[in-house]
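The structure appears right after this line, and notes come after that.
Just so it is clear, none of the values below were taken in a lab; they were calculated from the coordinates. These figures come from a predicted structure and were not determined experimentally. As a convention, Cβ positions derive from the backbone with ideal geometry for all residues, glycine included, and neighbour counts pool all protein chains shown.
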Amino acid sequence: MEYKILITGTMGAGKTTAIQQVSDSPAVLTDVHNTRQDESAKPTTTAAFDFGELDLGEGDCLRIYGTPGQERFSFMWPILARGAIGIIYLVDATRESPIDDLDSFIKAFGESSGTIPSVVGLNKCNDESSYLAPAIQDYLDSKGLQWPVLLTDVRERSEVLELFEILISLNEALVMEQA
Amino acid sequence: MYPDTESNQSIGFAGLASHEKNTIECVQRIYPHRLSSVRDIAEPHAASIIFADPQTSEGQAALLRSDVYVIAIQDRRQPMEQGADDVLYRPLRPRAVLDSLNRVEQRPSAALTPKLVSESGELHQILRNVIADDSNRQPIVLSEQGQPWLVVDPARDRIRGHLEHLNEERLLTRDRHVFNRVTPEEASRILESEQEAPLYRTMWKLAYELGGRARLFGNDHTALIKFERWPNFSETRVAGKFLRAVSLIRHNSFTVSDARMKTGLSEPALLVLLNGSWLTGELCLDSETERGASKVPSKPGGVNSSVLARIRSRLSGA
Ligand SMILES: Nc1nc2c(ncn2[C@@H]2O[C@H](COP(=O)(O)OP(=O)(O)OP(=O)(O)O)[C@@H](O)[C@H]2O)c(=O)[nH]1
Ligand SMILES: [Mg+2]
């Protein structure tokens, strides 16, 4: 059986970097030359999906999808999210209004955002932007979403693993609840 | 001067850094339901409430105006700004901004009759109640034989006073401590020159110092505990095992011994997590948790503990 985890966030939030930390095969890189230098000054961007895979044995596998940074694909996200065991929302603290970014990604996932175990990783954070962690927590509270918010640097493998660990534990809790 | 509370008030900025404006704007945007009257952002000349940095000339100009309500934003080292209607300290926290906006209306009556509500209780219970009570962010002053020794200011996430006296022994003795609720201005005056530390970090430090030696949340072994909210991980350095434990104890209520079995944490480690979260108001006894409006995820199809265990081991080994 196939299980999937989604990683989403704005252009340059660190999705490709995060997926590369955890997948078996070098992620299927779909990065191309970035023609939207106005949105982000990075040289490459992901055009389709980032994709990573972990073989779990016994015929099971975990697929990790990164949503493309260019928002014109967002109509596909609710379909992609169907049946997912988790969503990681990466928030880029250096952007103009990170909470609005998060808000628009949560909205893009529609109904599924409330039903899938989720975690927020606040990336590229420094002292000036550290106010964002409690602010995001408060924003989520106001939406009735009880998700954890972690300060992360997705260039560190251990910090990416923490985000995954939360999703696994949230699933464990749901399994336990049903038992 | 106090703006008309009926009308739509607007907020202006004078001399603030852009990240500080962002903090205030985001409060105004994400908390409309918690602001007691609607407020927009406006140019300083059209605003009725101004957030001002007294170190800048724009800020100074705002402080001289008598037709606006001025909230000074300053460093703790600077002397308190006398011309301001209210003062907030850096770094700006969204909660503190929200409280200051809601104080705009309360201020006149509070200033005329500074209400000192005196109460008493066990120290850890007092601390927790003050931190966890969202409806009252007023600071408290704890006194001993008439002498103030600690100021707890949840709105500013500060704790001030003879912090070396705030220790395990004092936390656990059954003595009752007397405390007064005071205005923020009063709190700043009392114990002004004493040590100061972030409130949440101090509570976590205490929890670590206590180790496994106590259960602050009550000695009833059959009591069910549950996380009401996720702990603020930005205040604590937590190991992965804590993350897992919180996910489990957020969804289901457990007794402490069940929680130990399910989470695989040692008793001292689990008690650090539980005591710290209890002090900061994130952990509750199940009897007090609200079954509120929060959205609860549903179990994805086909997931079972074997799959989850394999994902975990593949990730950590890969
Ligand atoms: N300073 C800093 N840089 C980071 C951090 N996390 C990621 N980066 C860098 O940010 C850049 C963008 O990361 P990507 O992984 O390409 O971002 P993406 O989300 O895949 O972007 P798109 O594919 O364009 O949507 C990379 O150069 C990363 O090294 C962080 O915490 N701090
Ligand atoms: Mg990418």
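What to note about this one:
- Average projection, convex hull of the Cα set of the range B:111-196: 5.5 square nanometres.
- Between A:Arg157 and B:Ala42, the C-beta separation translates, for a Förster distance of 51 Å, into a calculated FRET efficiency of about 0.60.
- Sorting A:115-128, A:53-66 by their mean Cβ neighbour count within 10 Å, with the most densely packed peptide first, gives A:115-128, A:53-66.
- Entry note, the range A:73-118: relative contact order of 55 percent, from Cα contacts under 8 Å with a spacing of 6+ residues.
- Pairwise label distance in nanometres, A:Ser104 with B:Ser257, each label 7 Å out on the Cα-Cβ vector: 5.4 nm
- For the range B:10-108, relative contact order (Cα pairs under 8 Å, six or more residues apart, normalised by length) works out to 28 percent.
- Residue mean of other protein chain beta carbons inside 10 Å, A:140-146: 5
- Pairs beyond 28 Å (Cα-Cα), from A:Lys124/B:Lys21; A:Lys4/A:Lys124; B:Lys205/B:Lys241; B:Lys241/B:Lys299; A:Lys107/B:Lys262; A:Lys4/B:Lys205: A:Lys107/B:Lys262; A:Lys4/B:Lys205
- Computed E for B:Gln82/B:Arg213 - FRET, C-beta separation, R0 56 angstrom, nearest 0.05: 0.75
- Extending 7 Å from the Cα toward the beta-carbon at both A:Thr115 and A:Phe75 defines two label points whose distance is 2.2 nm.
- Computed label-point distance, nm, for sites B:Glu186 and A:Asp60 using a 7 Å Cα→Cβ extension: 5.9 nm
- Peptide B:94-102 is shielded by partner chain Cβ atoms: per residue, an average of 2 of them sit within 10 Å of its Cβ.
- Averaged over A:160-169, number of beta-carbon atoms from partner chains that fall within 10 Å: 6
- Rg/Rh (Cα only; Kirkwood hydrodynamic radius) as it applies to the range B:142-182: 0.95
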